[in-house]
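This report refers to the structure that appears directly beneath it.
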Amino acid sequence: MAAPAMVALDAVLGEKIANPPMTGQAPALISIQKVSKTFLAVSGARIEALQQVSLEIPEGKFISLLGPSGCGKSTLLRIVAGLERATAGAVRIGGSEVTGPNAGVGMVFQRAVLFPWWTVLENVLLATRIQSLDARLMRSRAQELISLMGLGGFENSYPRELSGGMQQRAAIARALLHDPSVLLMDEPFGALDAMTRERMDVELQSLWEARRKTVIFVTHSIPEAVFLADRVVVFSQRPATIAGIVDVDLPRPRTIGMLDSAQLGDYTRACRELLGSASSSL
């Protein structure tokens, strides 16, 4: 990152901009250490998605990953989830290296991906079919999560009978069924209309405050990233490196009205400055 851009950001937010890797007072639950990822295209060309990404994420924090489309944010999320292998570097969760899917991690994708022939309750209970979980206990927990997500009364409804926002609530409940310590969210509200998206952001914040999971949330929306997060990690264009990190010091619970506040606007401008600085340095 160029020094002039850093000075401009410091003038706006003082010490709230940090150079990567990110550190916190609490010990890191997730440690991403010099992770790089290169894909081999059908043509034989090598496509570098991530380049030496390092990040330390303390337990219980809500982290937004923000960057241009196609810059590698989702790839990093899949590596943390154990769904992709890094070309170089390592990811550790709770001190253990991630080598494959981890029962301590839940993931919500860009679309709900609910099985259309299953009811909401059956979809939420998916983990009981693929993990050795107590079916009776999980059924009780599924009912609790369905109620928590505002889907009470829709347990026996099918996905086609739900709105897009309701389907995503069911997907979040499914990801939380086995009580993971980490929740990974890959732009889960991107396909929703603006009003529904804002409402889902508020609901997700309430859920996070109730459960205090460690969340990594991928988004292309600067206001959404700031509204939800304790920290916004801003990525450069591909191959992704960390352009900078913005610590968000806004009171919780946050309301939709805060989206128009001057203070949130300061943070969104800081993120835009980082995105612009990263683009101009390429």
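The values are calculated or read from the model by the stated rules, or taken from the named source; none is laboratory data. Every value quoted in this text rests on a predicted model; they were computed, and no experiment measured them. So basically every Cβ, Gly included, is an ideal-geometry build from the backbone, and we count neighbours across all protein chains shown. Calculation scope for accessible area: heavy atoms of the full protein, side chains included, ligands and nucleic acids excluded. Shrake-Rupley method; radii C 1.70, N 1.55, O 1.52, S 1.80 Å.
Quick look at the values:
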| item | result |
| --- | --- |
| In sequence order, calculated HN-Hα J values of region 104-112 (Karplus, 6.51, -1.76, 1.60; Hz; x Gly/Pro) | x, 10, x, 9, 10, 8, 4, 10, 5 |
| Whole-percent pair-distance distribution, where bins are 10 Å wide, for the alpha carbons of region 210-282 | 18, 51, 25, 5, 0 |
| For region 203-282: accessible area per residue (Å², 1.4 Å) | 38 |
| Hydrodynamic radius of region 79-220 per Kirkwood, over alpha carbon pairs, in Å | 15.7 |
| For the chain, share of DSSP beta bridges that run antiparallel, in % to the nearest 5 | 55 |
| More than 15 angstrom apart: percent of Cα pairs within region 128-200 | 58 |
| Largest-first principal axis extents of the Cα set of the chain (Å) | 57, 47, 38 |
| For region 243-270 and region 62-117, distance of Cα centres in Å | 25 |
| Under-5 Å amide H pairs with Val248, H placed in peptide plane, nonlocal only | Arg231, Val232 |
| Per-bin percent of Cα-Cα distances, region 188-243 [5 Å] | 4, 16, 27, 24, 15, 9, 4, 0 |
| Helix 262-280 vs. the chain, principal-axis angle (Cα, 0 to 90°, nearest 10) | 70 |
| Size of charge dipole - the chain - debye, nearest 20, with Cβ of Lys, Arg +1 and Asp, Glu -1, no other charges | 660 |
| Accessible carbon and sulfur surface of region 178-282 relative to its total accessible area, %, 1.4 Å | 50 |
| Charge-dipole axis of the chain as Lys and Arg at +1 and Asp and Glu at -1 on Cβ define it, positive-most pick from Leu77, Gly165, Ala270 | Leu77 |
| Lys/Arg +1, Asp/Glu -1 at C-beta; the chain dipole; positive extreme among Gly153, Phe109, Ser221 | Phe109 |
